[in-house]
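Take a look at the structure set out below.
The values are calculated or read from the model by the stated rules, or taken from the named source; none is laboratory data. Because the structure is predicted, anything quoted here is derived from the model rather than measured. Because the Cβ atoms are built from the backbone with ideal geometry, glycine has one as well, and the counts that use them run over all protein chains shown.
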Amino acid sequence: MGGSAPDFRPATLRRHVLHMAQSGNSQHIGCAFSLIEIVSVLHSAVMRYDASAPGVPGFDQLILSKGHGVMALYAVHRELGWIRQSDLDHYFADGSLLHGLCEARIPGLEVCSGTLGHGLPIAVGMAYGHKRRGSDQKVYCIVGDGEMNEGPMWESMLFAAQHKLDNLVVIVDANGLQAMGTTGGIINLEPFAAKFEGFGFSAVDCDGHDLAQLGVAMTAAEPGRPHAVIARTIKGRGVSFMENKIEWHYLRINPQLMERALVELDAAEVAS
Amino acid sequence: MRSMLAELIAGSAERDPNFLALSGDHGYALFDPIRSRRPEQFVNVGIMEQALVGIAAGLAKTGYRPLVYGLAAFVPLRVLEQIKMDVCYSRLPVLFIGDGAGLVYSTLGSSHQCAEDVAALRPLPYMRIYAPCDAYELKASFEEAMSCAGPSYIRVGKSDRPAVNTAPLTATDAYFTFDPGLAADTCIVSMSSMTSVAHAAALEHGLPSLSVFRLKPLAEHTLGLLARFKRLIVLEEHSRFGGLASTLADAFIDEGMNVPGMKVLSLQEHFSEHCGSYQYALSEHEMSDADIVKRLRTHLAAAPGY
């Protein structure tokens with residue numbers, strides 16, 4: 001547990017992400033920042049899990065289908081003591097533990113989702129397995145709105161509805177940007193909630209950076225149907241010069257920008 | 001062979017409550033036994049092969065033992081990346097069945113024909129690959145695959161050629177279907193649908209015939225059994241690239257042995273051109289049963305196997 005209670009405050013998690021990104025000179029900062037509040041709420045208020053170790057049987061499970069946001073989960077796992085500070089310090093160093101995309105060999109990550117459209121079908125299979133056994137375990141799956149271009153996402157949604165997987169909660173990190181432009185300008189999937197409903201889910205929209213709204217939305221599942229939360233988020237959220245900037249899918253942080261970013265995170269924390 | 005497969009599936013369901021047979025809406029009669037004896041352990045996922053593999057991976061992660069059934073043209077070809085990342089990466093115990101491999105769906109055309117399943121799967125870590133020729137090879141393959149903790153693939157043909165074996169096999173080792181003795185310097189080697197053809201040719205020419213139906217890891221003793229031959233004739237209803245002949249050549253090289261001369265009769269590098277029977281489709285590759293008889297006679301007349 002790292003000796004102290006985990007701190008899931010968004011600013012803390014974002015600091016971990018920035019530290020990793022700077023240590024590894026990595027991209028995908030914006031992808032992680034848009035789902036910080038989502039993983040924060042899941043781990044502090046929504047999921048039932050054993051914090052002493054990842055993957056303890058019998059508890060709820062989280063699948064990050066949008067593997068590009070993995071630094072947000074690393075930040076959470078750092079707070080839980082599931083990975084070490086030194087793993088963050090040595091991000092991308094030769095022989096280091098953590099890759100830049102979600103990989104199943106890391107305890108607690110469950111799936112490989114650097115290639116998109118894989119996590120949700122696996123999550124659906126897990127939810128179906130729990131359901132068949134009569135277990136009340138839930139499976140939460142964070143997907144990207146860009147990732148929803150992928151066919152297997154919709155295939156597995158059909159299966160989830162057919163088998164009434166009301167133990168499945170899909171959270172769409174709807175930041176409106178994908179690798180080369182806006183989701184609306186590339187493949188417009190709005191209205192998202194209506195599409196999920198059309199596929200047999202219950203679905204709610206919410207502010208994806210509002211902890212209280214997220215908590216309510218994630219627990220609004222109805223019996224007999226899988227549930228979707230369309231979390232309206234901002235790519236790069238939390239650092240003004242990254243927000244809604246597609247280039248922060250790719251850009252690396254330098255010492256000057258790092259300093260500015262940390263000042264903003266500190267200020268926002270004081271203000272809240 | 002198919003009735004054996006149907007029985008193996010139903011029997012697995014009866015023995016293991018965690019066994020689930022998953023299909024992407026294929027295999028209509030094949031699943032009759034499991035559907036009548038253990039209906040709750042058969043799941044028709046729907047026509048969605050990609051999600052099918054992901055769902056199977058999720059089920060395996062929750063303690064189930066999934067069998068994923070499809071036509072070889074779809075499982076593994078269409079879902080190769082799902083097999084790689086969802087199943088192989090985590091060494092999940094999923095058994096893949098690729099039915100109708102080769103050209104047996106001759107009248108349906110190239111979409112349903114599959115000459116590249118073994119080649120596609122060979123590089124994937126942890127994947128075991130079987131290519132049985134008859135019900136007994138299938139049974140040995142299936143039972144071994146089910147006893148292994150990781151992923152496996154069984155290539156199932158549908159050619160309905162005569163069975164080679166008349167009694168159950170105790171292992172998946174390579175074995176001589178016919179062995180006239182030590183004088184021959186040439187051996188016919190085959191897998192899956194071609195083993196019956198190879199066996200008939202072996203009888204005709206008085207040459208030994210070796211069946212190799214565990215391709216990966218390559219059946220133990222295969223190279224030892226082949227060490228005494230100067231030349232091999234390889235028969236496979238598969239692409240020349242990455243199938244049995246490639247597997248054997250790779251194994252000789254990896255063992256530091258001289259690669260024997262090989263005459264390879266395999267599918268050629270083109271799709272089916274016209275419609276017709278299974279034997280017609282094979283003939284477009286000079287691989288019909290009659291073509292093989294003729295080619296081997298010509299080949300062995302020029303280079304006798306003794």
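Summary of values
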read-out: Lone qualifier among B:ALA56, B:ALA6 - being buried (at least 24 other Cβ atoms within 10 Å of the Cβ) and assigned by TED's automatic domain parsing to the domain that holds B:CYS133; value: B:ALA56
read-out: Flag for B:SER209 being in contact (Cβ under 8 Å) with a residue 40 or more places away in the chain, more than 27 Å from B:GLN82 (Cα to Cα), small (Gly, Ala, Ser) and in contact with a strand residue (DSSP E or B) (Cβ under 6 Å, 6 or more places away or on another chain); value: no
read-out: B:PRO123 being assigned to a loop (DSSP other than H, G, I, E, B), more than 14 Å from the chain's Cα centre (by Cα) and assigned by TED's automatic domain parsing to the domain that holds B:ALA56; value: yes
read-out: Search result, residues across the range A:34-59 that are basic (Lys, Arg) and either under 15 Å from A:ALA11 (Cβ atoms) or over 18 Å from the mean Cα position of the chain (by Cα) (or both); value: none
read-out: Identity of the residue in the range A:83-106, within 18 Å of A:GLN61 (Cα to Cα) and within 16 Å of the chain's Cα centre (by Cα), that ends up surrounded by the most Cβ atoms within 10 Å (Cβ to Cβ); value: A:CYS102
read-out: Selection from the range B:24-56 of residues that are at negative phi, within 13 Å of chain A (Cβ to nearest Cβ) and in contact with a strand residue (DSSP E or B) (Cβ under 8 Å, 6 or more places away or on another chain); value: B:GLY24, B:GLN41, B:PHE42, B:VAL43, B:ASN44, B:VAL45, B:GLU49, B:LEU52, B:VAL53, B:ILE55, B:ALA56
read-out: Filter pass, A:ASP173 being free of Cβ contacts under 8 Å to residues at least 60 places away in the same chain, closer than 20 Å to A:HIS68 by Cα, away from chain B (no Cβ under 14 Å) and among the acidic types (Asp, Glu); value: no
read-out: Within the range B:147-159, considering residues that are crowded, with 18+ Cβ neighbours inside 10 Å and not in a loop (DSSP other than H, G, I, E, B), the one modelled with the lowest pLDDT; value: B:VAL156
read-out: Only listed residue being at pLDDT below 95, assigned to a loop (DSSP other than H, G, I, E, B), more than 21 Å from B:PRO162 (Cα to Cα) and not aliphatic (A, V, I, L, M), chosen from B:GLY305, B:GLY276; value: B:GLY305
read-out: Residues located in the range A:121-138, provided they are more than 8 Å from chain B (Cβ to nearest Cβ) and touching a Gly at 6+ places or on another chain (Cβ under 9 Å); value: A:SER135, A:GLN137
read-out: Some residue of the range A:61-69 being under 14 Å from the mean Cα position of the chain (by Cα) and free of Cβ contacts under 8 Å to residues at least 60 places away in the same chain; value: yes
read-out: Output for the range B:1-60, where each listed residue is in contact with an Asp or Glu (Cβ under 7 Å, 6 or more places away or on another chain), of a type in the set (Val, Ile, Thr) and not in a loop (DSSP other than H, G, I, E, B); value: B:VAL53
read-out: Filtered residues of the range A:115-164 (kept if hydroxyl-bearing (Ser, Thr, Tyr) and either assigned to a helix (DSSP H, G or I) or touching a residue at least 60 places away in the same chain (Cβ under 8 Å) (or both)); value: A:TYR128, A:SER135, A:TYR140, A:SER156
read-out: Residues of the range B:107-127 classified as crowded, with 22+ Cβ neighbours inside 10 Å and either among the small types (Gly, Ala, Ser) or modelled with pLDDT under 95 (or both), total; value: 1
read-out: Cross-chain or 6+ apart pairs with Cβ under 7 Å, the range B:287-306 first and in contact (Cβ under 8 Å) with a residue 24 or more places away in the chain, then part of a loop (DSSP other than H, G, I, E, B); value: B:ARG295/B:GLU286; B:GLY305/B:ALA184; B:GLY305/B:ASP185; B:GLY305/B:LEU207; B:TYR306/B:ALA183; B:TYR306/B:ALA184; B:TYR306/B:ASP185
read-out: Filter pass, B:GLY242 being within 27 Å of B:ALA135 (Cα to Cα) and not in a helix (DSSP H, G or I); value: yes
read-out: The range B:62-90 - residue that is part of a loop (DSSP other than H, G, I, E, B), closer than 30 Å to B:GLY109 by Cα and among the β-branched types (Val, Ile, Thr) and, of those, nearest to the other protein chains (Cβ to nearest Cβ); value: B:VAL79
read-out: So B:ARG240, is it over 20 Å from B:MET1 (Cα atoms) and either in contact with a His (Cβ under 8 Å, 6 or more places away or on another chain) or without any contact (Cβ under 8 Å) to a residue 40 or more places away in the chain (or both); value: yes
read-out: Filter pass, A:LEU109 being more than 18 Å from A:PRO226 (Cα to Cα), touching a residue at least 12 places away in the same chain (Cβ under 8 Å), under 18 Å from the mean Cα position of the chain (by Cα) and part of a loop (DSSP other than H, G, I, E, B); value: yes
read-out: Selected residue [buried (at least 20 other Cβ atoms within 10 Å of the Cβ), farther than 20 Å from B:ALA131 by Cβ and touching a residue at least 24 places away in the same chain (Cβ under 8 Å)] from B:THR186, B:THR222, B:THR195; value: B:THR186
read-out: Yes/no for A:GLY144 being within 9 Å of chain B (Cβ to nearest Cβ) and either at pLDDT 95 or above or crowded, with 24+ Cβ neighbours inside 10 Å (or both); value: no
read-out: Scope the range A:92-106; condition aliphatic (A, V, I, L, M), in contact (Cβ under 8 Å) with a residue 12 or more places away in the chain and within 12 Å of chain B (Cβ to nearest Cβ); matching residues; value: A:LEU101, A:ILE106
read-out: In the range A:148-162, residue surrounded by the fewest Cβ atoms within 10 Å (Cβ to Cβ) [restricted to those that are at the interface with chain B (Cβ under 8 Å from one of its Cβ atoms) and farther than 20 Å from A:ALA174 by Cα]; value: A:GLN162
read-out: Out of B:TYR130, B:TYR136, sole residue that is hydroxyl-bearing (Ser, Thr, Tyr) and either over 20 Å from B:GLU236 (Cα atoms) or surrounded by fewer than 24 Cβ atoms within 10 Å (Cβ to Cβ) (or both); value: B:TYR136
